[in-house]
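Novice: Before we start, here is the structure in question, set down as C-alpha cells.
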Ligand code: IPM
Ligand code: MG
C-alpha cells in the first residue's frame, strides 16, 4: 500500500465550494493513479464560518488545520459580510489563519500558458514565455504591524519588519531561485522607507550564501511598471506583504485570467494552498467558475508539501492539455475555445486525462 495523507479542506464562500470540489475530484484521480490515499476533513472559515458560528475563524478550524498534512482552500468573502466590523469580516479570518499557521512565505507563480496567449491584454510578444515566481512575505509588514488605529479624524497602520523576518523570507526566495533561473529581484521602497532600508541590507546579507544567484533591487513603483513593460526580465521577485499583494495581482494578469493561477503559503509545518483569485460572489452557484487555479493549487500542494512530484506533474500536464484541446470555462471562452464547459465538466475532463494518461 502507498502512503496516506490527510488534507484539511476549506471551501469558503462564493465559488469556493464549486472549485474546491473539482480540485478534490482531480486529487482523487491522481491518488488512484499513483497509488496513495487521501482523506479529507472540512473546516469553516470566512462568511461560511460567520453564518454558522458568529466568527470568521472558529477555534475548531485553528486546532484542526494544525493536525493535517496540508490545507486546500477555495476563497472567502462576499457582499453579505462586507458591513461587519473589521475583526469580524471574512478577510480577518484568513489573515488570522495565516498568522496562526505561521505560513510566512507566499509563493505566487505567474506563468503564461501558450494556449491562452491571446487572453492577455498585453501583446503576445511581451508575455510569451513569462514564468515569474512572486515570493511575498505573508505574516508581517503593514498587515500586522502595531500600533494601528482607526479613529474618526485620524487613522494609521505601521509597517514593521525584523531582521529575522526579512532573512527567512529572503532564504525562501533564494532557495527557489536555485531551482529556477537563479535570479532574484528584491522589491522595496528603500528611497523613502526605513523599513525598506533594513529589508535591503538583510537581503544583501542573505545573498552572500547564494553566490550563484544574481540579486537585483527595484523600487516598488518601478517594479510595477517593469512588470507590464518587460515581464520576462523577472525570475523570482521577493517582497513584503503589501507590495507582494499588489504586485502579484498585477503579475497574475500577464496570463490573461486570474482564474488560472495557484498559490502556496508555506514556511511552516502545514501549508495552505489556494487559488489567487477571490470568491466571485456574482457567479457563485451557477457552475460556470473556472476551477483551474484551485486544481493547480492542489498540484502545488502535492509538489511542495507531500513530495508527490509525479502526481503534481500529471496535474500540470493535464491542465496544459485541456487548454491545448480548446476546453474553456466562461472566463476564458473568448480565447480559442473549441468547447465551453462548466466548472464540473472542466474538473472531470482534467481528472479523465490523468486517469487515462
Ligand atoms: C490576497 C488577498 C488578501 C490579502 C485579502 C483577501 C485579505 O488580497 O490573498 O492577496 O490582501 O492578502
Ligand atoms: Mg490580494
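Novice: Taking the conditions exactly as written (touching a residue at least 60 places away in the same chain (Cβ under 8 Å), within 16 Å of ligand 2 (Cβ to nearest atom) and crowded, with 19+ Cβ neighbours inside 10 Å), does residue 329 satisfy them or not?
Specialist: Numbers: touching a residue at least 60 places away in the same chain (Cβ under 8 Å): yes; within 16 Å of ligand 2 (Cβ to nearest atom): no; crowded, with 19+ Cβ neighbours inside 10 Å: yes.
No.
Novice: Would you confirm, using the coordinates I've provided, whether residue 249 is at pLDDT below 95, outside the structural domain of residue 329 (by TED's automatic domain parsing) and under 30 Å from residue 194 (Cα atoms)? Steps first, please.
Specialist: Working: at pLDDT below 95: yes; outside the structural domain of residue 329 (by TED's automatic domain parsing): yes; under 30 Å from residue 194 (Cα atoms): yes.
It is true that residue 249 is at pLDDT below 95, outside the structural domain of residue 329 (by TED's automatic domain parsing) and under 30 Å from residue 194 (Cα atoms).
Novice: Still on this structure, please answer the following. Taking the stated definitions as given, is residue 351 at pLDDT 95 or above, buried (at least 19 other Cβ atoms within 10 Å of the Cβ), more than 21 Å from the chain's Cα centre (by Cα) and under 17 Å from residue 24 (Cα atoms)?
Specialist: Details: at pLDDT 95 or above: yes; buried (at least 19 other Cβ atoms within 10 Å of the Cβ): yes; more than 21 Å from the chain's Cα centre (by Cα): yes; under 17 Å from residue 24 (Cα atoms): yes.
So residue 351 passes the test.
Novice: Same structure, new question: Go over the candidates 248, 257, 252, 265 one by one and state the one that is more than 22 Å from residue 128 (Cα to Cα) and in contact (Cβ under 8 Å) with a residue 24 or more places away in the chain. Show your work before the answer.
Specialist: Details: 248 fails: more than 22 Å from residue 128 (Cα to Cα); 257 fails: more than 22 Å from residue 128 (Cα to Cα); 252 fails: more than 22 Å from residue 128 (Cα to Cα).
Just a single option satisfies the conditions, and that option is 265.
Novice: For the stretch 281-292, indicate whether the set of residues that are closer than 21 Å to residue 95 by Cα, under 15 Å from the mean Cα position of the chain (by Cα) and buried (at least 18 other Cβ atoms within 10 Å of the Cβ) is non-empty. Walk me through how you get there before you give the answer.
Specialist: Taking the stretch 281-292 as the starting set, the residues that turn out to be closer than 21 Å to residue 95 by Cα are 281.
Retained after the next criterion (residues that are under 15 Å from the mean Cα position of the chain (by Cα)): none.
No, the stretch 281-292 contains no residue that is closer than 21 Å to residue 95 by Cα, under 15 Å from the mean Cα position of the chain (by Cα) and buried (at least 18 other Cβ atoms within 10 Å of the Cβ).
Novice: Is one or more of the residues making up the stretch 192-210 within 24 Å of residue 112 (Cα to Cα) and either in a loop (DSSP other than H, G, I, E, B) or modelled with pLDDT of 95 or more (or both)? Please lay out each step first, then the result.
Specialist: Residues of the stretch 192-210 that are within 24 Å of residue 112 (Cα to Cα), as a first pass: none.
No, the stretch 192-210 has no match at all.
Novice: Okay, next question. Out of the stretch 129-164, which residues are exposed (fewer than 13 other Cβ atoms within 10 Å of the Cβ) and closer than 29 Å to residue 178 by Cα?
Specialist: Matches in the stretch 129-164: 129, 162, 163, 164.
Novice: Of the residues in the stretch 224-264, how many are more than 28 Å from residue 302 (Cβ to Cβ) and within 16 Å of ligand 2 (Cβ to nearest atom)?
Specialist: 6
Novice: Still on this structure, I have one more. Applying the selection to the stretch 71-88, what residues are at pLDDT 95 or above and within 13 Å of ligand 1 (Cβ to nearest atom)?
Specialist: Within the stretch 71-88, 73, 74, 75, 76, 77, 78, 81 qualify.
Novice: Any chance the stretch 159-172 includes a residue that's assigned to a strand (DSSP E or B), closer than 22 Å to residue 232 by Cα and in contact with a strand residue (DSSP E or B) (Cβ under 9 Å, 6 or more places away or on another chain)? Before the answer, list the steps.
Specialist: Keep residues of the stretch 159-172 that are assigned to a strand (DSSP E or B), which gives none.
Looking for residues that are assigned to a strand (DSSP E or B), closer than 22 Å to residue 232 by Cα and in contact with a strand residue (DSSP E or B) (Cβ under 9 Å, 6 or more places away or on another chain), one finds none in the stretch 159-172, hence no.
Novice: If a residue has to be surrounded by fewer than 20 Cβ atoms within 10 Å (Cβ to Cβ) and more than 18 Å from residue 183 (Cβ to Cβ) to count, how many in the stretch 206-246 make the cut?
Specialist: 7
The values are calculated or read from the model by the stated rules, or taken from the named source; none is laboratory data. Since this is a predicted model, take the numbers as computed values, not measurements. Positions of Cβ are backbone-derived with ideal geometry, glycine not excepted, and every protein chain shown enters the neighbour counts.
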